[in-house]
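Working notes, structure below.
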Amino acid sequence: MKVPFIDLKLQYSLIRDEIKNAIDNVLESQQFILGESVERFERLIADYCGGRFAVGVASGTDAILLSMMALDVNANHEVITTPFTFFATAGSISRVGSKPVFVDIDPMTFNMNPDLIEKKITRKTKAIIPVHLFGQMADMDPILEIAKEKNLYVIEDAAQSIGARYKDKKAGNIGDTGCFSFFPTKNLGCYGDGGVIITSSEEIAEKLRLLRVHGSRSKYFHEYIGCNSRLDALQAAVLEVKLKYLDRWTEMRRENANRYKKLFKEKGLIDNGYVVIPFEKEYNYHVYNQYVIKVKERDRLFSFLRENGVGVEIYYPLPIHLQKCYEFLGYKEGDFPEAEKASREAIAIPIFPELTFEQQTYVVEKIYEFYKKH
């Protein structure tokens, strides 16, 4: 049996007619840059996330970058974040000239450990970027308390967590801005690159709208030094169709996660310590953008599963503080032991909504087979 890591063709086949009609409507309008389709989707996604405003941009990376530009984060500042995340988080900090400052993660959730933040704050600290990794939100209350006390901005990197909840609030609607990616493999993915920024501040929203079009309110007159970063109308049309299905797809992912838990337990893989399954905090609603387990002999298991037709991925094989491009920061191995341990043990197995019981059973059987042999 072959089990893909994700099956976007299957998802497309179920909504093909709606997608084609939405794209045809844009083609008929010949309005490809911003316009009605983008504005309509912005209203829908703001409402979905519980925010007042949404600003569509070209990618999740640009969502983080433009958030910092709108909040005047610059070369005079430091920004606190996690070393265990996709590179865009730290890379965007560097692109505005700021210094990324890392804190280690909670080993249970893979998210930033709030207890470690305060001692990293200096007079240069301007913002905190918590990352809601793999579909579960970071512990936001203590982060917000620290930010309020120290007069810092909070930018949520919610690229992997659309629809996730922390207590009574949705991802992206807690900080000063919330940043989402619509990369095709995300829970809500478009057919190319795309992103959005959620904010409840009218002032921030207006500045973001200018920054995404070179800082211009009227053509050829520029209030800010911005960039070209717009969510295009074709992608907005695709996303509007898919947004209707998002909650159902999320529930299917959660059902698959519960099934994995049962299957792993039945095989004794949890009790024997071979597999540590995702831990969902009692106040969180996890949307499982990825189903990431921690395992022994991770790299050998990775190869074994690939050889047996199971699509798996490693998030992330080298934490950001140890990346070559950040050698100048002076971090060394051992500085963030939990992030480094996760980079050696974490492996993601298929969790996409259309995954079948038979496919999940096969995945768990192969993991069991590996440890039985080894």
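The values are calculated or read from the model by the stated rules, or taken from the named source; none is laboratory data. Keep in mind that what you see is a predicted model, and the values were worked out from it rather than measured. When we count neighbours, we look across all protein chains shown, and the Cβ atoms used for this are built from the backbone with ideal geometry, even at glycine. These area figures cover heavy atoms from the full protein model, side chains too; ligands, DNA and RNA do not enter into them. Shrake-Rupley method; radii C 1.70, N 1.55, O 1.52, S 1.80 Å.
Per 0.36 nm of contour for each residue apart, how much would the distance between E307 and F279 grow if the chain were fully extended, relative to their Cα-Cα spacing?
In short, 7.3 nm is gained.
Suppose we keep just the DSSP beta bridges with both residues in the chain; what percent of those would be antiparallel, to 5? Display every interim value, and only then the final one.
Values: 25 of 39 bridges.
Roughly 65 percent of the beta bridges in the chain run antiparallel, per DSSP.
Rank these by accessible area, largest first, 1.4 Å probe: E251, E282, E36, E358. Walk me through the numbers before you get to the answer.
On the way: E251 70, E282 155, E36 130, E358 110 Å².
Result, largest first: E282, E36, E358, E251.
Using only protein heavy atoms and a 1.4 Å probe, report how much of C179 is accessible, in Å² to the nearest 10.
Accessible area, nearest 10 Å²: 0 Å².
Cα atoms only, the stretch 181-333: Rg and Dmax in Å?
Every Cα atom of the stretch 181-333 included, Rg and Dmax give 21.3, 66 Å.
On average, how much accessible surface per residue is there in the stretch 258-335, in Å², for a 1.4 Å probe, leaving out ligands, DNA and RNA?
That works out to 53 Å² for each residue.
Once fully extended, how much extra length lies between K20 and E203, figured as 0.36 nm per residue of separation less the alpha-carbon to alpha-carbon distance?
Going from the current span to full extension adds 62.2 nm.
Take M108 and R248, extend 7 Å from each Cα along the Cα→Cβ direction, and tell me the distance between the two endpoints in nm.
Result: 3.5 nm between the two label points.
Can you put R40, R52 in order of accessible area, largest first, using a 1.4 Å probe? Could you put the intermediate results ahead of the total?
Working: R40 75, R52 145 Å².
Descending order: R52, R40.
For G226, what charge total do you get from the other residues with a beta carbon under 15 Å from its beta carbon, if Lys and Arg give +1 and Asp and Glu give -1?
Around G226, the charge tally is +3.
Mind giving me the nanometre distance, one decimal, between the label points for K262 and D72, set 7 Å out from Cα along Cα→Cβ?
5.6
Accessible area, 1.4 Å probe, largest first: how do E206, E39, E156 sort?
Heavy-atom accessible area, descending, gives E39, E206, E156.
Run through every distinct alpha carbon pair of the stretch 69-194 and return the Kirkwood hydrodynamic radius in angstroms, one decimal place.
Final number for the Kirkwood radius of the stretch 69-194 is 14.6 Å.
Residues with amide H under 5 Å of I105's amide H, sequence separation 5 or more or different chain, H placed in the peptide plane at 1.01 Å from N; which?
Under 5 Å from the amide H of I105: N113, E338, A339.
Take the solvent-accessible surface of the protein heavy atoms, probe 1.4 Å, and return the percent of it on the chain that carbon and sulfur atoms account for.
Carbon and sulfur atoms account for 49 percent of the accessible area of the chain.
Which residues in the stretch 291-315 have a backbone N closer than 17 Å to a point placed 7 Å from the Cα of N272 along the Cα-to-Cβ line?
294-298, 300-302, 304-305
Give me the lysines in straight-line cross-link reach of K124: C-alpha distance below 16 Å, same-chain residues under 8 apart excluded.
List returned: K99, K148, K150.
Distance from a point 7 Å along Cα→Cβ of E327 to each backbone N in the stretch 59-101: keep the residues under 15 Å and list them by number.
Correct set: none at all.
Grab every C-alpha pair in the chain, bin the distances at 20 angstrom width from 0 up to the longest one, and report whole percents.
Using 20 Å bins, I get a P(r) of 29, 57, 14, 0 for the chain.
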